[in-house]
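The structure appears right after this line, and notes come after that.
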Amino acid sequence: MITKEQKSWLPWLIGLFLVFGFVMIYFLYPWLRTRVGRAGKLRQWLQNPAAHPGWAVQDGTTCGTAPFIFPTRGYIGFIWGDSFTPGIRHQGIDIFGGEIPGKTPVLAVTQGYLTRLPGWKSSVIIRIPADPLNPGRQIWAYYTHMADQNGSSYISPQYPPGTYEVLVNAGTFLGYQGDYSGEPQNPVGVHLHFSIVLDDGKGGFTNELKIENTLDPSPYLGLMLDAAKNPNGIITCDNQAQQ
Ligand SMILES: [Zn+2]
């Protein structure tokens with residue numbers, strides 16, 4: 001039974017509930033999903049990668065008919081749209097090799113033209129003149145964290161700082177996974193961050209730090225890598241086949 005008094009409070013309660021729901025859905029839920037669900041699984045992997053061989057993807061392989069090969073081996077710990085800070089979403093995917101820094105190779109996902117800006121210690125970007133899924137446009141593949149915690153680079157000596165537009169092929173060796181964060185006292189876990197970045201329309205790349213400037217990498221790698229659609233699964237080709 002709802003009394004008259006309770007009835008007058010009902011719209012307020014519903015309003016409060018809606019506001020709470022909105023905050024949950026847009027800010028707290030993606031953050032909790034990342035911080036608790038996804039990070040928990042990653043901890044399990046990092047504690048003992050050998051115990052979970054089926055959780056890893058392998059560099060140089062593809063899932064199904066995907067146009068890109070996997071750029072490195074390891075467990076895909078975080079995906080596109082995950083949230084490390086409420087309200088801010090992750091622009092790419094993070095693949096954790098489960099090995100020491102400087103050990104796990106990183107490869108080009110497809111053919112393109114590699115640039116490493118003069119100041120880049122741990123990053124390269126590869127221009128892909130024709131998006132394989134939308135050949136009318138140019139896109140960019142961005143790779144980072146390829147340095148040790150002090151910024152000593154693990155990028156192949158073939159691509160020193162200031163490298164501009166060097167042709168690479170699918171599978172070309174680029175460097176090794178590292179843990180460089182920009183702050184030596186505060187390294188990240190050893191991984192590769194990989195993202196697909198939009199062109200600025202003038203032949204340059206847009207700011208990768210904004211998710212709006214990046215593409216959902218799912219169709220390029222043949223996996224469900226959109227956090228909103230894959231809240232908490234272990235992400236491997238086999239898993240994908242079962243869905
Ligand atoms: Zn990342």
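Throughout, read-outs are computed from the coordinates displayed, never taken from laboratory work. Nothing here was measured: the structure is a model prediction, and the numbers come from that model. As a convention, Cβ positions derive from the backbone with ideal geometry for all residues, glycine included, and neighbour counts pool all protein chains shown.
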Exposure rule at most 16 other beta-carbon atoms within 10 Å, DSSP loop trypsin sites (Lys or Arg not before Pro): the chain longest free segment: 1-102
How large is the convex hull of the Cα atoms of the chain per residue, expressed in Å³ as a whole number? 170
So what is the calculated 222 nm ellipticity per residue for the chain, using -39500 (n - 2.57) for each DSSP H run with n of 4 or more, over all residues, to the nearest 500 deg cm²/dmol? -5000 deg cm²/dmol
Fewest to most neighbouring Cβ within 10 Å: what's the order for MET146, MET224? MET224, MET146
Out of residues 5 or more away from TRP80 or on other chains, whose amide H comes under 5 Å of its own, with H placed 1.01 Å from N in the peptide plane? ALA227
Which one, TRP140, TRP12, TRP45, has the greatest fluctuation when you compute a Gaussian network model over the chain with C-alpha springs under 10 angstrom? TRP12
Tilt relative to the chain, helix 4-23 - C-alpha long axis, 0 to 90 degrees, to 10: 0
Please compute the alpha carbon radius of gyration of the range 68-126, then divide it by the globular-protein estimate 2.2 N^0.38 Å. Two decimals is fine. 1.29
Can you tell me the relative contact order of the range 1-122? Whole percent, Cα pairs under 8 Å, sequence separation 6 or more. 22
Under a straight-distance cross-link criterion of Cα-Cα below 12 Å, which aspartates and glutamates are reachable from LYS103, leaving out those fewer than 8 residues away in the same chain? ASP148, ASP179
Give me THR172, THR62 ranked fewest to most by other Cβ atoms within 10 Å of their Cβ, as a rough exposure proxy. THR62, THR172
How high is the relative contact order of the chain, in percent, counting Cα pairs under 8 Å that sit 6 or more residues apart? 21
Using a 10 Å cut-off around each Cβ, can you sort TRP9, TRP120 from fewest to most neighbouring Cβ atoms? TRP9, TRP120
